[in-house]
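Notes follow once the structure below has been shown.
Derivation of every value follows stated rules applied to the coordinates shown; laboratory data play no part. If you're wondering where the values come from, they're calculated on a predicted model, not measured in any experiment. So basically every Cβ, Gly included, is an ideal-geometry build from the backbone, and we count neighbours across all protein chains shown.
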Amino acid sequence: MTLKLHVFPLSPRAFKVTWAATHLGVEFEPVLVDFSKGAHRTPEFAGLNPNMRMPVLEENEFTLWESNAIVQYLASRQPGAGLLPEEPKARASIAKWQFWDSSHWDPACAIFAFENYVKKLFGRGEPASSEIARGNELIARNAPVLEAQLQKHRYVAGDMLTAADISLGAMFWIAEHAQFPLEEYRGIQRWAADLKSLPSWQKAAADAMAMMPAR
Ligand SMILES: N[C@@H](CCC(=O)N[C@@H](CS)C(=O)NCC(=O)O)C(=O)O
């Protein structure tokens with residue numbers, strides 16, 4: 001069985017795993033999890049991920065959820081690509097940023113994704129100002145950490161593109177819609193533009209849009 005990636009392609013967490021696979025040249029079959037039809041709330045989907053969330057990787061009997069675990073798995077299958085070096089300190093630095101993504105960056109950005117994008121996409125009302133205020137606080141606390149790193153280095157874990165850039169940078173897939181308050185962070189903006197210019201980003205973006213059913 002081909003490796004399958006179950007995704008709702010407009011989500012940055014989905015883009016994270018399809019972009020990783022595309023960048024690494026891992027062949028995969030994308031499977032649409034159509035949120036508008038509640039496809040993630042079926043018993044079949046719960047069998048793949050009891051959290052009823054995407055993305056999910058499925059490969060024969062093996063299933064894997066949590067987008068950063070999927071990025072690590074894909075990157076470790078293609079060691080020659082350099083996204084996840086073997087050397088313990090280099091690997092740990094990448095894991096550190098991926099855990100930071102799950103703990104701090106994704107939750108901060110997700111507020112803007114939900115309030116400014118998801119609500120509009122699914123007709124769920126206007127952005128809540130209290131939530132935007134909470135998002136602004138989280139961005140103000142966390143973005144300077146990433147900015148300082150990107151002022152010193154071209155990429156998140158140093159001077160080479162790694163799995164950490166894929167994990168953190170995928171959020172920019174929806175930046176135009178989500179309106180993250182990140183304009184003042186010049187290092188982050190330079191890095192995001194760099195990532196978006198990669199051929200793998202452009203291919204993954206085109207493939208993601210092609211997957212979306214007509215609305
Ligand atoms: N930490 C998880 C988060 C996955 C997640 O929350 N996915 C959302 C979409 S971006 C989802 O499937 N939501 C379905 C729901 O809330 O019912 C990951 O990175 O994979």
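Counting only aspartates and glutamates at least 8 places from LYS4 when in the same chain, those with an alpha carbon closer than 13 Å to its own are GLU27, GLU29, GLU58, GLU59, GLU61.
For the chain, the relative contact order works out to 26 percent when only alpha carbon pairs closer than 8 Å and six or more residues apart are counted. What the Cα convex hull of region 68-202 gives, in volume per residue, is 112 Å³. Neighbours of LEU5, meaning other residues whose beta-carbon lies under 9 angstrom from its beta-carbon, give a summed charge of -1 when Lys and Arg score +1 and Asp and Glu score -1. When only the Cβ of Lys, Arg, Asp and Glu is charged (+1, +1, -1, -1), the dipole of the chain relative to its Cα centre reaches about 260 debye.
Counting neighbouring Cβ atoms within 10 Å and putting the fewest first, the residues MET209, MET171 line up as MET209, MET171. Past 27 Å, Cα to Cα: identify those pairs from LYS96/LYS196; LYS89/LYS203; LYS37/LYS96, in the order given. With Cα atoms farther than 27 Å apart: LYS89/LYS203; LYS37/LYS96.
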